[in-house]
Amino acid sequence: MAVLLDKVNWPIIVQQQGSDDLLLVESLQDWPEQTEMLGVLKGSYIIDNTGSSYLISEDFPTRLQLASPQISLDQLRSTAQRYASQNGHCCTSKLTINTIEQLFEVVAFIEQG
């Protein structure tokens, strides 16, 4: 079942296909500006603020498929640790992410750095 981008719970995090890069996008209005330089997003994932994950199945208009299986919090924690490490943060193995809210806080913190 396809889901349109405006139907997910904002804010969202984009995880590009084949990458540990994470991008926090606050609103649908911010989507075009924040994602235009990323290139092709088909095959990437979106994690919404409830923890639901979606596979981007088409770029224009952006259509999503509910990911099956869903990306687990453990997988997201590992990705966030690698993302933090890539961005110069040390001791990332001690990074605590026990909730989806903490994931969003960590990604926002890394992006500020």
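The values are calculated or read from the model by the stated rules, or taken from the named source; none is laboratory data. Please read these numbers as outputs of a predicted model, since none were measured by experiment. Cβ sites come from the backbone with ideal geometry, for glycine too, and all protein chains shown count toward neighbours. In case anyone asks, the SASA skips ligands and DNA or RNA and just uses the protein heavy atoms, side chains included. Shrake-Rupley method; radii C 1.70, N 1.55, O 1.52, S 1.80 Å.
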Is it possible to state the helix-based mean residue ellipticity at 222 nm for the chain, with each DSSP H run of 4+ residues giving -39500 (n - 2.57), the sum divided by total residues, to the nearest 500 deg cm²/dmol? What is it?
-8500 deg cm²/dmol
Going by alpha carbons, how many degrees (0 to 90, nearest 10) lie between the helix axis of 100-112 and the longest principal axis of the chain?
80 degrees
For residue 93 and residue 65, calculate 0.36 nm times their separation in residues minus their Cα-Cα distance, and state this gained length in nm to one decimal.
7.0 nm
Mind checking the dipole of the range 2-66: about its Cα centre, +1 per Lys or Arg Cβ, -1 per Asp or Glu Cβ, Debye to the nearest 20?
280 debye
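Considering every pair of different Cα atoms, what Kirkwood radius, in Å, is found for the chain? Numbers along the way, then the final one.
On the way: mean 1/r = 0.0706 Å⁻¹.
Taking every pair of different Cα atoms in the chain, averaging 1/r and inverting gives 14.2 Å.
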Where does the Debye-calculated log10 I(q)/I(0) of the range 59-113 sit at q = 0.14, 0.19 Å⁻¹, using only Cα point scatterers of equal weight, no solvent?
-0.45, -0.72
If I fit a long axis through the Cα atoms of helix 73-86 and take the longest principal axis of the Cα atoms of the chain, what angle between them do I get, 0 to 90°, rounded to 10?
70 degrees
Estimated inter-spin distance, residue 33 and residue 75, nm [label 7 Å along Cα→Cβ]
3.2 nm
Using a probe of 1.4 angstrom, how much of the accessible area of the chain is carbon and sulfur, in percent?
51 percent
